[in-house]
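The values are calculated or read from the model by the stated rules, or taken from the named source; none is laboratory data. Worth saying up front: this structure is predicted, and the values here are computed from it rather than measured. Ideal geometry is used to build each Cβ from the backbone, glycine not excepted, and the neighbour counts take in all protein chains shown. Ligands, DNA and RNA are stripped out before the accessible areas are found, and what is left, the full protein with its side chains, is counted by its heavy atoms. Shrake-Rupley method; radii C 1.70, N 1.55, O 1.52, S 1.80 Å.
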Amino acid sequence: MKPLLLLDVDGVLNPMGRPTPEFRRYRCTIGGEVYTVHLNPRHGRRLLDLAVATGAELVWATTWEQHANDWIAPRIGLPSLPVIPLSTDVPSEHGEMFKTPHVAAYAGRRPFVWFDDQVWAEDEEYLRVHQGLDDFLLVHVDPRRGLTSHHLGMALEWLTLTGFSQGS
């Protein structure tokens, strides 16, 4: 079972704080709405390297859904990735984020690392207690700074130490 690397966009690849110089500004039009995003083109290479080193599969776990393949992936050097379908109409039963049940359903029993700025203890509890999952790592990303080498290192270490990495 290939492990999954689940990616959010806003707050992770598109930080909410003042972007550092390595980020580039883009304007994206989706459904008549214009969005400004700040993306670091090096994130794509770093994520691909992590996926290759661990034998993991990159997957979008973002409200951008398929739009992430249209607008985000090409600007950071990622290929088109699978997308976890999300809907915001799923009520939270245990304090978990609306994405969490969708992530659990998509991942099934596959191990995963989830990079998101909105994952908290309630999400971990939901996945462990209510879904019976235990082979995952939630990586909370500070939405002001976005994804860093530290976050990628956490994923590499976890996948390697737990034996989920195909490179181990």
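Over all directions, the average projected area of the alpha-carbon convex hull for the chain comes to how many nm²?
On the way: hull surface 37.1 nm².
The directionally averaged projection comes out at 9.3 nm².
Go through LEU127, PHE164, TRP114 and say which Cα lies farthest out towards the positive end of the charge dipole of the range 67-168; charges sit on Cβ, +1 for Lys and Arg, -1 for Asp and Glu.
Value computed over the given set: PHE164.
From the phi angles alone, apply the Karplus equation (6.51, -1.76, 1.60; θ = phi - 60°) to the range 121-128 and give each ³J(HN,Hα) in whole Hz, x where the residue is Gly or Pro.
4, 5, 5, 4, 4, 4, 5, 6
In nm, to one decimal, how far is the TRP120 label point from the MET16 one, both placed 7 Å along Cα→Cβ?
Calculated label separation equals 1.2 nm.
Could you tell me the calculated FRET efficiency between GLN66 and ARG25, based on Cβ-Cβ distance and R0 = 30 angstrom, to the nearest 0.05?
0.85
For the range 61-141, what is the relative contact order in percent, using Cα pairs closer than 8 Å and at least 6 residues apart in sequence?
Working: 88 pairs, mean separation 20.7, N = 81.
Normalised by residue count, the contact order of the range 61-141 is 26 percent.
Applying the Karplus parametrisation 6.51 cos²θ - 1.76 cosθ + 1.60 with θ = phi - 60° to the phi angles of the range 139-144, what ³J(HN,Hα) value in whole Hz is obtained for each residue in order, glycine and proline being reported as x?
With the stated coefficients, the range 139-144 comes to 10, 6, 9, 5, x, 6 Hz.
Round to the nearest 10 and report in Å² the accessible area of ILE72, as given by a 1.4 Å probe over the protein chains' heavy atoms.
The accessible area comes out at roughly 0 Å².
Let me cross-check TRP120: its accessible surface, 1.4 Å probe, with only protein heavy atoms counted, in Å² to the nearest 10?
Counting only protein heavy atoms, the figure is 140 Å².
Ordering MET16, MET1 by accessible area with a probe of 1.4 Å, largest first, what comes out?
Highest to lowest solvent-accessible surface, that is MET1, MET16.
Convert each backbone phi in the range 79-94 into a coupling constant with the Karplus relation 6.51 cos²θ - 1.76 cosθ + 1.60 (shift: θ = phi - 60°), then list the ³J(HN,Hα) values in order as whole Hz, x for Gly and Pro.
x, 5, 10, x, 10, 7, x, 10, 9, 8, 8, 8, x, 7, 9, 10
Within a Cβ distance under 11 Å of GLN131, other residues only, what is the Lys/Arg minus Asp/Glu net charge?
Result for the neighbourhood of GLN131: -3.
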